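Data first, discussion second: the structure below is written as structure tokens.
The values are calculated or read from the model by the stated rules, or taken from the named source; none is laboratory data. Nothing here was measured: the structure is a model prediction, and the numbers come from that model. Glycine gets a Cβ as well: all are built from the backbone with ideal geometry, and neighbour counts include every protein chain shown.
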Amino acid sequence: MTSNRTKPPEMECRFCRIGAGRAHLSHDRVLMDSDDYFAIASIGGFIEGWTLVCAKRHTLNFSDDYGRSALREFVSEVASVVSSVYGPIVAFEHGVRRNGSLTGCGTDHAHLHLVPLRESLVQRVCAYDRARAWVRGPSSDVGHLTGSHEYLLMADSVEALWTSAYVSNVSEPQSQFFRKVLAAQHGFDGQSDYRSFPFAETTARTSKRLGEIACERFPSAVA
């Protein structure tokens, strides 16, 4: 028998369980998937339509994936479903480099946030943290720009993600950076922690609505 101490990380990973069809919660069901990625509604999503694109393999971040056409194609498909229901969306990632880092909000598995937002996320973030430096460029440059550093990545649209994303190296990790920015702007200040404030009803509505649309538009991409 394998003890908890010797289990590989993926055996303890919530996203790995979801990707393998062993989700514990109904709204954790996979909405769409491909050979390498899957999409789910985000727990703690206080904005309806908040969706996550996750890697099927157990990896900490997407820095090696942004240059892959497979990710670009899948994210575009998911984004088209989300935007068809909820309008324009923005994208962001908390780029983790080590297990247990505060940067990753307690989730040591690569996931990209797609969030319905009609205003500029970039402008909101820069106003929220004026001291933080950002570099603009294609997301495929993340690995080169950040090296071994953890990072924050954001874009005002999925199209901009591939051409003109904004990247910032993390020197002092803090939990749920982008969630805090959005919570402060949407009247949920102090409720950004998805563990304490799961917004389960909102997440369930997102899962139900997007699941229905995904089945209609991309039946081959629905798990």
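I'd like the full set of residues that are among the charged types (D, E, K, R) and touching a strand residue (DSSP E or B) at 6+ places or on another chain (Cβ under 8 Å), limited to the range 43-67. Matches in the range 43-67: E48, K56, D65.
One residue stands out in the range 18-71 among those that are of a type in the set (S, T, Y) and in contact with a helix residue (DSSP H, G or I) (Cβ under 6 Å, 6 or more places away or on another chain): the one that is nearest to I89 (Cα to Cα), namely T51.
Residues that are among the small types (G, A, S), touching a helix residue (DSSP H, G or I) at 6+ places or on another chain (Cβ under 6 Å) and more than 26 Å from E77 (Cα to Cα) do occur in the range 185-195, at least one of them.
Take E73 and tell me if it is buried (at least 16 other Cβ atoms within 10 Å of the Cβ), touching a residue at least 24 places away in the same chain (Cβ under 8 Å) and of a type in the set (D, E).
No, not satisfied.
Contact map, the range 157-174: first residue within 19 Å of A133 (Cβ to Cβ), second residue in a strand (DSSP E or B) and of a type in the set (K, R), Cβ cut-off under 9 Å, separation 6 or more or different chains; pairs are S164/R136; A165/R136; Y166/R136; V167/R136. Would you check if S120 is under 22 Å from S207 (Cβ atoms), surrounded by fewer than 18 Cβ atoms within 10 Å (Cβ to Cβ) and not hydrophobic (A, V, I, L, M, F, W, C)? When the stated conditions are applied, S120 does not pass them. Looking at the range 184-210, I want the residues that are crowded, with 18+ Cβ neighbours inside 10 Å and have a partner that is of a type in the set (S, T, N, Q) and at pLDDT below 95 with Cβ atoms under 6 Å, at least 6 apart or on another chain. Which pairs are those? What qualifies is S192/Q176. For the range 128-139, does any single residue satisfy the condition of being modelled with pLDDT of 95 or more, within 16 Å of the chain's Cα centre (by Cα) and either of a type in the set (F, W, Y) or crowded, with 16+ Cβ neighbours inside 10 Å (or both)? Yes - at least one qualifying residue is present in the range 128-139. Take the conditions within 26 Å of R195 (Cβ to Cβ) and in contact (Cβ under 8 Å) with a residue 60 or more places away in the chain and apply them to G106. Does it pass? Criteria met by G106. Scanning the range 80-116 for residues that are within 12 Å of the chain's Cα centre (by Cα) and of a type in the set (S, T, N, Q) gives a single hit, T107. Might you check whether a residue that is assigned to a loop (DSSP other than H, G, I, E, B) and either in contact with a helix residue (DSSP H, G or I) (Cβ under 6 Å, 6 or more places away or on another chain) or at pLDDT 75 or above (or both) occurs anywhere in the range 9-17? Yes: the range 9-17 contains one or more residues that are assigned to a loop (DSSP other than H, G, I, E, B) and either in contact with a helix residue (DSSP H, G or I) (Cβ under 6 Å, 6 or more places away or on another chain) or at pLDDT 75 or above (or both).
Can you name the strands (runs of 3 or more DSSP E) wholly within the range 72-156 that have at least 2 residues being among the hydrophobic types (A, V, I, L, M, F, W, C) and on the phi < 0 side of the Ramachandran plot? First the steps, then the outcome.
Values: elements: 89-95, 111-116, 135-137, 150-155.
Strands (runs of 3 or more DSSP E) meeting the threshold: 89-95, 111-116, 150-155.
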